[in-house]
Amino acid sequence: MISNLRFIVDVGVFLVSLVSLVSLVSLVSHLCFSSLLCYIFLIFTLLLFSSQVVPVLEKTTHLTFRHQILLEASYNLMLTSQRQEVHCAIADLFDSSTVETELAVHASHHMRAGHTDRACSLLCAAAVAAIKNNEIKEAVNMLTEALANDENKVNQAYYLGLMAWESVRKLQNDVGGSMAMNGLLLLAEATGDSSLIPRIVTQTELDESHLEWNELQDMPPEDETDVSILEKATSLCMISVAKCIYSPSYGHKVPERLEREFGFKDIAMPGR
Amino acid sequence: MCLFTSDVILTEFFLCFSLFSGGESDKYADYLFFRASKLAYEDRNISFWVISHCWVHLKCRFMTPEGRDFLQRTAKRFMVMDEDVRVEPRLRLRMQTSLMMWYTPIHPEYPKQALPKLLELTELIAGNQKLVSDQAAAIFVTALCAKSMGNMQLFESCTDTFHGLRCDTEARVCDVILVACYRYQFAAQYSFCANDSNGVHANWVEVQGLAAKYPKVSTQNIPSPFVRLSFMCWLSNLALDDNDYASAGGHLKLAMNPMLVMGVFGSGIFVSF
């Protein structure tokens, strides 16, 4: 009860402070300031004084609102265009900063500032880093957001490939396989390369690819190479589809689709 | 009681159910694998390179001479990968678990040779809650090897290791289910060895309840074909002990379902219960 009362008082104090501040800043900005960063700085200074914004313990350079409601209240007091400007300023600050910033946070500011391309590439980089750390849930959320916002088909295929790879690794063949097949079709559409569309391969094609694979060293060399997103997306989608064909008992959808849409005739789906 | 029977029996088994096609879809999957792993090689993506090789063993390759050559080549490649410092312990563990599954039919001595390495790698990732599903798979394979070699002390010690496994509180549901399946399957196997019929039945009830416990996840693979087949074999054995031929026949009929057989034997492992 006491803590609830204290919270209501806190919110009240905060709102009064914020309204006074906004009036003050409007007045001052009309007089001499036009810089958005000064505006943000003043707001945060006041919020810090009223203890509504607190430093993030692990990262001294980051601040966070003490409560989600405070964040939402302050956020909703601004117009969409104002919010976009603020996010844009923060994103630019992060871009030029020498201090390492969390990729997902950086991406969210770019996304809200309307810089979709930059935001998606940052989200993808954050997702790849998360996958390396085995934080799959976070990675999938980031890739889903990137997929919803990116209009580039090759990039979309890459996001689908990454999610498909993680799904089939956990034996979720139906989910992962569908994503991978869609990824391959997107790649074929974007590049005009019909060889990416599932098809019956000839023995010669198979032998050639086997020979090339056989000639590779047992471990990739240590030098750095620059492989395009297109190639990364292709490899992820291809191996995920292959896994679904290798183990049909963990999901029938890919084999069924191959049979229905692409004319494969000998699909082994025992028990069907 | 042995873990891996001769591949001759397996060949008969597969021919019996016409599970080995080697046709269009198999060729397409191989073609995709070769192209994808070549791209991973060019990308210098170690994780992708290693894991893609762990997948290609499926589809009963050990049954043809060309397939055996291919598996020998892949196994040699794994040995080189295992010695490379760029390969993380979790990937090396994945490789060892995978090798146990498909290399044994062509190299029966392998479990005995590789068991110390498997134990060492499992120890290396122990405690990392994000890798608990890899750890569970490795412990399960260790238990199978121990049982097949008659090392019951090691087999029993796997019980404690399984008890110590804890999933991350924010782990994905599919990970939690995988670990639960391994745990129940191992517990049932232990009960079966101890002639504890109630233990096997209790664990089967738990496994069957998983789909209802996690309704948001596709129930098609819960429990996995391997788990289902194992339980069917144990339950039919127990029913025979009680002279309940009708139940035994019912379980065996389910166990001999080609869908289950494909899921388990396609990987190259044959577990004799």
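Here are a few things to note about the model shown:
- Residues that are touching a helix residue (DSSP H, G or I) at 6+ places or on another chain (Cβ under 9 Å), buried (at least 19 other Cβ atoms within 10 Å of the Cβ) and β-branched (Val, Ile, Thr) are absent from the stretch B:105-115.
- Residue A:142 being in a helix (DSSP H, G or I) and within 12 Å of chain B (Cβ to nearest Cβ): no
- Hey, residue B:47 closer than 23 Å to residue A:233 by Cβ and either facing another protein chain (nearest Cβ under 7 Å) or at pLDDT 85 or above (or both) or not: yes
- Candidate set from the stretch A:158-174 (those that are free of Cβ contacts under 8 Å to residues at least 60 places away in the same chain and crowded, with 20+ Cβ neighbours inside 10 Å); member that is nearest to residue B:133 (Cα to Cα): A:166
- Against the numbered list (1) at pLDDT 90 or above; (2) within 27 Å of residue A:130 (Cβ to Cβ); (3) more than 8 Å from chain A (Cβ to nearest Cβ); (4) surrounded by fewer than 20 Cβ atoms within 10 Å (Cβ to Cβ), residue B:127 comes up short only at (1).
- Each residue in the stretch A:190-228 was checked for being in a loop (DSSP other than H, G, I, E, B) and without any contact (Cβ under 8 Å) to a residue 40 or more places away in the chain, and 17 pass.
- Candidates B:227, B:207, B:141: the one that is crowded, with 21+ Cβ neighbours inside 10 Å and touching a Pro at 6+ places or on another chain (Cβ under 8 Å) is B:207.
- Flag for residue A:251 being more than 13 Å from residue B:27 (Cα to Cα), more than 7 Å from chain B (Cβ to nearest Cβ) and at pLDDT below 90: no
Conditions (1) touching a residue at least 12 places away in the same chain (Cβ under 8 Å); (2) surrounded by fewer than 14 Cβ atoms within 10 Å (Cβ to Cβ), marked per residue:
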residue	(1), (2)
A:75	no, yes
A:89	yes, no
A:92	no, no
A:100	no, yes
A:112	yes, no
A:135	no, no
A:139	yes, no
A:145	yes, no
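- The listed residues are B:35, B:73, B:68, B:94, and the only one of them that is touching a residue at least 40 places away in the same chain (Cβ under 8 Å) and of a type in the set (D, E, K, R) turns out to be B:94.
- The residues of the stretch B:65-114 that are of a type in the set (Lys, Arg), outside any loop (DSSP other than H, G, I, E, B) and farther than 19 Å from residue B:139 by Cα, listed by number, are B:68, B:73, B:76, B:77.
- Number of the condition not met by residue A:108 [criteria: (1) without any contact (Cβ under 8 Å) to a residue 24 or more places away in the chain; (2) surrounded by 20 or more Cβ atoms within 10 Å (Cβ to Cβ); (3) within 14 Å of another protein chain (Cβ to nearest Cβ)]: (3)
The values are calculated or read from the model by the stated rules, or taken from the named source; none is laboratory data. For clarity, every value in this text was computed on a predicted model and none was experimentally measured. Backbone-built Cβ (ideal geometry, glycine too); neighbour counts: all protein chains shown.
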